[in-house]
Amino acid sequence: MSTLAHTMMTAARSADSGLAGPGDLDRYSYADAPAAGRVGASVWDGSDPELGRVGRRAAGSRGRGLHGQLVQQLGQMIVSGDLGADRPLVPEEIGQRFEVSRTVVRESLRVLEAKGLVSARPNVGTRVRPVSDWNLLDPDIIEWRAFGPQRDDQRRELSELRWTIEPLAARLAAGHGREDVQQRLGDMVEIMGHAMGQGDALTFSRADAEFHSLLIQLAGNRMLEHLSGIVSAALQVSGNPVTGCDRPNETSLAHHGRIVDALATGDAAAAEAAMRQLLTVHPEVERVVPAPREH
């Protein structure tokens, strides 16, 4: 195993995964506080007290402070529909409900506004925006949708997007003789193989995500590279067998290896075909996703 592969594997095992556990919600100061007697408590009466547990497991690596926690909670409530379109969001009520300062509320709402989830207007206040205004390519929104009521649609849409992005990226990458990046891709496959043998799904998934990110970078197309966050989010939120990368297995590993081999020889057609074989067709997208092409 190369030095890089060994280093990454060691780091992956020892690093904190950044994923919150089932009891993490209870650590927040507002989790155990009663809603009764609070200003504006009725605004939140319909919210699920368990909302955000699953989503925070997937997205908890971003925003560990109060600001990040509030963005996560409000974002999940909006995406799940608990806070419907055109719902007014009063900063004072939010601060009371979640026991955070005005500064935390203000900054959190700004983040949500940048994602297209809310809008703030003079004399109108802050309101939830309709789905048509959301930035659906934002990694946070992808995760919140994937763990909410829209989970099936989100995973199907992600699968379709990956079928559009990654085979093209593999074809383009074969035309770039970046030996350093190709070596790193090979390292990732080696790490994945070792992790699979050890039953280490976390290390496997990290190396898998790194593999796909590197491949898109190697394609040399800045617009495709800008979309790499979609692929990363798709790999993080996959909970069903939507792609061949969801669960460690010999077939998935072999296809990754074939992609690396094709890149090494500059065979664009073979690289594209191997990627298409890797991205297993989901039953819901068979009508729109072409079968792997033979070359």
So, of the residues in the stretch 258-267 that are surrounded by fewer than 17 Cβ atoms within 10 Å (Cβ to Cβ) and not acidic (Asp, Glu), which turns out to be nearest to residue 198 (Cα to Cα)? 264
Test residue 165 against the stated conditions and say whether it is open to solvent by less than 60 Å² (accessible area, probe 1.4 Å) and closer than 22 Å to residue 251 by Cβ. yes
Cβ-Cβ distance below 7 Å, separation of 6 or more or different chains: which pairs start in the stretch 253-272 with a residue that is in a helix (DSSP H, G or I) and end on one that is of a type in the set (D, E, K, R)? 268/171; 271/171; 272/171
Any residue at all in the stretch 277-291 that is part of a helix (DSSP H, G or I) and at pLDDT 75 or above? yes
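Table: residues versus (1) surrounded by fewer than 23 Cβ atoms within 10 Å (Cβ to Cβ); (2) in contact with a Gly (Cβ under 8 Å, 6 or more places away or on another chain); (3) closer than 21 Å to residue 263 by Cβ.
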| site | (1), (2), (3) |
| --- | --- |
| 158 | no, no, no |
| 170 | no, no, yes |
| 192 | no, no, yes |
| 214 | yes, no, yes |
Please state which of the following conditions residue 135 fails to meet, knowing it meets all the rest: (1) open to solvent by 50 Å² or more (accessible area, probe 1.4 Å); (2) part of a helix (DSSP H, G or I). (2)
If a residue must be on the phi > 0 side of the Ramachandran plot and small (Gly, Ala, Ser), how many such residues does the stretch 62-102 contain? 2
It is to be established whether one or more residues within the stretch 102-118 are over 26 Å from residue 278 (Cβ atoms), open to solvent by 70 Å² or more (accessible area, probe 1.4 Å) and touching a Ser or Thr at 6+ places or on another chain (Cβ under 6 Å). no
Would you pick out the residues in the stretch 195-208 that are open to solvent by 30 Å² or more (accessible area, probe 1.4 Å) and either modelled with pLDDT of 95 or more or among the hydrophobic types (A, V, I, L, M, F, W, C) (or both)? 196, 201, 202
Does the stretch 145-156 hold any residues that are part of a helix (DSSP H, G or I) and open to solvent by 10 Å² or more (accessible area, probe 1.4 Å), and which are they? 145, 151, 152, 153, 155, 156
Residue by residue through the stretch 119-132, note down the ones that are assigned to a strand (DSSP E or B), more than 23 Å from residue 145 (Cβ to Cβ) and either modelled with pLDDT of 95 or more or open to solvent by 70 Å² or more (accessible area, probe 1.4 Å) (or both). 121
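The values are calculated or read from the model by the stated rules, or taken from the named source; none is laboratory data. What you see is a predicted model; the values in this text were computed from it and never measured. Glycine also receives a Cβ, built like all others from the backbone with ideal geometry; neighbour counts cover every protein chain displayed. When the accessible area is computed, the model is the full protein with side chains, heavy atoms only, and any ligands, DNA or RNA have been set aside. Shrake-Rupley method; radii C 1.70, N 1.55, O 1.52, S 1.80 Å.
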